[in-house]
Amino acid sequence: MADNRDHWASRIGFILAAAGSAVGLGNLWKFPYITWHNNGGAFVLVYLVCVLIIGLPIMMAEILIGRRTQKSPVPAFEELGNRGWGFVGLFGVLTGFVILGYYSVIAGWSILSFWQCINWSISGYVAPPEGAFGEFLADAPSQILLSLTFLVATAFIVWRGVSKGIEKAAKFLMPVLFAILAYLVIRVLFFPGIGQTFEFLFRPNFSELPTTGVLEALGHAFFTLSLGMGVMITYGSYMRKSESIVRSAGTVVFLDTIIALLACVIMYTIIFSVPGMEDSISASAIGMLFMTLPRLFYTELSGGVLIGPLFYILVAFAALTSTISLLEVIVSFFIDKLKMKRHSATVLSTCIVIFCSIYSALSLGAVGFLSEFEIFGDKPGVLSTLDHLAANWMLPLGGLFTTIFVGWFVSRKLALEQLRMVDKTGRPTFYFNLWRFFIRFIAPAAIIAVIIAVILGKDFS
Ligand code: PHE
């Protein structure tokens, strides 16, 4: 089976696809928001430490499992462990459904914002009436149609397969994304708020870091790096033996981190450049990206006519390469485990996801019961509940199982063979031993700390 498995056609294929998965709404929507609320500087520093000492080792561990077995998560865990471990892979598939079920709805908003910006750019800006965004959220047909559009685009790419679909899409979308981002960063460098942005982001003041910020940073590291649900195992399984796991993982983590920081630079500089704006940023994450920014593009910036539409293409492309990876985890499970063909696996899994996403789409005011019920305190409605479930529980738990598996059940020899971190005499390098130490002790301990914090009531979504 491994022989006729589709593979990345080029070395850069894995890196672009995996970076595409990692870079998404987590970078452009969630990170700027939580960094803002945790007062910048010190939080950013803690987040960077989490990414480096927990995110990077786990990413290497996931890729290693996939590359070694050349299988999707369930059979991969079964091969290296035993049948029982397969449930970790299955748990990842379930997490895929949960995340796709709400992520596609938020991703759909970027299509609307893009469309709105195009209209404003062509016919002039018209301030939306008070409460317009709320009305849009509660409009069932728009919500369903937009998320459906997003899911169909995702399915179309996954349907085409690994090298002809996912890799091709990533090779086109990611460079466009980098280019738009670079253009926007260069633009804002000349805005008056740039100094304040750098100070906010890079001058740590630990007395301003809320105590919960440390744990929040760790929780977000999982989400933003697409760890804990088998994405990197799946993508790693399409990697050829000749490629370096360490270099690939390092590049993906670097790209994800730098893009999250640049997203903050762009958004904050615009906000800081408008007097009084800082105080009126709404408390909601959704508000900053989809409500405050579009208005600022057109009322406060020179060149907003171009920046506006470009910015929302950026958001849409980033989200698309993430939803592709989420769907691929599910599809590869149907192919490997249920012996389905790629096309029927894609259709079946997309139908199930559409079914879930309709509930999320209707939970923003359209249907009272779906919008109001609360399982987790303070998280009303299907969409918020799913987000909470995935970010606070499922990804950290999946990550914990993965570190325990690779740290304690996969042999040192096998890990070394895959990571190839040896010196000239063939002995494991210092960094290999360091990686193993982090995977065995530091990462599980930190995740357990997060889970305990969640149990005690801290929310990471
Ligand atoms: N990493 C993606 C983002 O930052 C979200 C994601 C999570 C994708 C888990 C796949 C798996 O938006």
Checklist entry - Within the stretch 340-360, can you find the residues that are over 20 Å from A107 (Cβ atoms) and either among the acidic types (D, E) or open to solvent by less than 40 Å² (accessible area, probe 1.4 Å) (or both)? => result A345
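Specify which of the listed residues (I354, I375, I330) is under 27 Å from G134 (Cβ atoms) and either polar (S, T, N, Q) or modelled with pLDDT of 90 or more (or both).
Exactly one of I354, I375, I330 is under 27 Å from G134 (Cβ atoms) and either polar (S, T, N, Q) or modelled with pLDDT of 90 or more (or both), namely I354.
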Checklist entry - Is at least one residue of the stretch 362-385 within 16 Å of the ligand (Cβ to nearest atom), of a type outside the set (A, V, I, L, M) and outside any loop (DSSP other than H, G, I, E, B)? => result no
Checklist entry - Would you say A366 is of a type in the set (G, A, S) and open to solvent by less than 20 Å² (accessible area, probe 1.4 Å)? => result no
Checklist outcome for this item: Every listed condition ((1) within 30 Å of I455 (Cα to Cα); (2) out of contact with any helix residue (DSSP H, G or I) (no Cβ under 9 Å at 6 or more places or on another chain)) holds for A179 save (1)
Checklist entry - If you take just the helices (runs of 4 or more DSSP H) that sit entirely in the stretch 121-191, which of them hold at least 2 residues that are under 25 Å from V329 (Cα atoms) and open to solvent by 30 Å² or more (accessible area, probe 1.4 Å)? => result 140-159, 168-188
Checklist outcome for this item: Condition set under 21 Å from L419 (Cβ atoms), open to solvent by 50 Å² or more (accessible area, probe 1.4 Å) and not hydrophobic (A, V, I, L, M, F, W, C), scope the stretch 204-263, selection nearest to the ligand (Cβ to nearest atom): answer is R247
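The values are calculated or read from the model by the stated rules, or taken from the named source; none is laboratory data. The model shown is predicted, which means the values in this text are computed figures rather than measured ones. Using ideal geometry, Cβ is built from the backbone for each residue, glycine included, and neighbour counts are taken over all protein chains shown. Protein only, heavy atoms only, side chains kept; ligands, DNA and RNA dropped before computing areas. Shrake-Rupley method; radii C 1.70, N 1.55, O 1.52, S 1.80 Å.
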